[in-house]
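Only one structure is covered here, and it is reproduced in the block below.
Bear in mind that the values in this text are calculations on the coordinates, not laboratory data. None of these values were measured; they are calculated from a predicted model. Every residue, glycine among them, receives a Cβ derived from its backbone with ideal geometry; neighbour counts consider all protein chains shown.
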């Protein structure tokens, strides 16, 4: 049954020859693209999501799309920054040694404070009327009076109202990523909403589960679960659904049903890499403009992408197998999610590490080896996770990074290798 009933349009089922996406990069002599060329091509096909007003409680990790002015002075009132005694600085102008100014401490002060007396305040307390400075607790003499041997400057020991931001001043500037402390600052100023791009909505459409093994235990779609978790880790809203690739009509309906709620649709598969027929690759050109290619990388060479439906929703067809799909997610899907979120930084943060093992031999395309990063006396070092095979789930589960081995290069013990961190603390 369809999730969303809507009339099929010509845009969903274009007639004639399959449409190709414009601007595809050229292949090399081996019929493959470079990883960088393919990534940049995909990024050129998507635009950042439109911003709208969000509550600050829903904006963690999002990028601001406009300056946020403070609706009030911050802080709103003048407060003490120390524990001590508040008083009027004017009465201390003649203070000196050996003739100090001595003030009685009013333990239950009237409002405003009577000139010539001092009142007890704690750090963060608003200053009562009639005082303009705070002296430390050590100013109390043996008789329980405040004794001052030097004049006190006005507003000494105070945090003035509006000293952080005056009403109308920008609290947070456009382009800033909102972190917990930034959200607290907005809350302190009374700015409860911000203009930001929403979190991308990702639908992971699994096509490899739904059956039972010989022991009766369900065979779950491993790749779909892996990619769903990776997408959720980026902060995206993620839904995971399943589709039956043996029924073309049902597969078509499963894809088109998800377009209404997806900013990015990721289709995963557990089929063998050597399988000749891919039902998704056969169907997707009927739904929009597509691009299927080989990328010079291992694993994850087989790549598919399309802009589907009336809203041209980006659809990425992940290569078969968990390891290939995870590498492809970090190489291509994660940059797409950052662009959808309006974050301008699309290159991954990398770690330069010393290889503790032989990670790869020469004469290979760009290769991704699962590794464990270790600190050795302040140096980052990379050791193979298990056997260092990105196609093995056990190796992937132990790894916290991928060592990226450039095409045609080997990595021996002691060599420096660039790593993509894939696990968060």
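General observations
- Counting neighbouring beta carbons within 10 Å and listing from fewest to most, the residues 201, 387 come out as 387, 201.
- Nearest 10 degrees, 0 to 90: helix 248-258 Cα axis against the chain principal axis: 10
- For the stretch 62-171, projected area of the alpha-carbon convex hull averaged over all directions, nm²: 8.6
- The chain: angle of helix 222-233 to the longest principal axis, Cα-based, in degrees nearest 10: 30
- Fewest-first ranking of 330, 153, using other Cβ atoms within 10 Å as the exposure measure: 153, 330
- Listed residues 394, 203, 222, most fluctuating in the chain (Gaussian network, C-alpha, under 10 Å): 394
- Length released on extending from residue 122 to residue 143, taking residue separation times 0.36 nm less the Cα-Cα span: 5.5 nm
- Under the shape rule built on the C-alpha gyration tensor, where the axes satisfy a ≥ b ≥ c, the stretch 350-421 is oblate, since a/c reaches at least 1.5 while a/b does not exceed b/c.
- Length released on extending from residue 356 to residue 415, taking residue separation times 0.36 nm less the Cα-Cα span: 20.4 nm
- Cα-projected label distance for residue 184 with residue 50, points at 7 Å along beta-carbon direction, nm: 3.6
- Crossing angle, helix 35-44 versus the chain [Cα axis fit, 0-90 degrees, rounded to tens]: 70
- Mean shadow area of the chain over all directions, Cα convex hull, nm²: 32.2
- Fluctuation leader among 259, 393, 359 - the chain, Gaussian network, Cα springs under 10 angstrom: 393
- As a rough footprinting exposure proxy, the listed residues 374, 367 were ranked by other beta carbons within 10 Å of their own, and the order from fewest upward is 374, 367.
- Rounded, prolate or oblate (a/c below 1.5 giving rounded, otherwise prolate when a/b exceeds b/c) for the stretch 292-423 by Cα gyration tensor: prolate
- When the helices of the chain are scored as -39500 (n - 2.57) per DSSP H run of n ≥ 4 and the total is divided over every residue, the value at 222 nm lands at -4500 deg cm²/dmol.
- Just checking the listed ones, 46, 194, 131: in the Gaussian network model of the chain with Cα springs under 10 Å, the one fluctuating most is 131.
- Global dimensions of the stretch 142-270 from alpha-carbon coordinates: Rg and Dmax equal 28.4, 93 Å.
- Rounded if a/c under 1.5, otherwise prolate or oblate - the stretch 315-384, Cα gyration tensor axes: oblate
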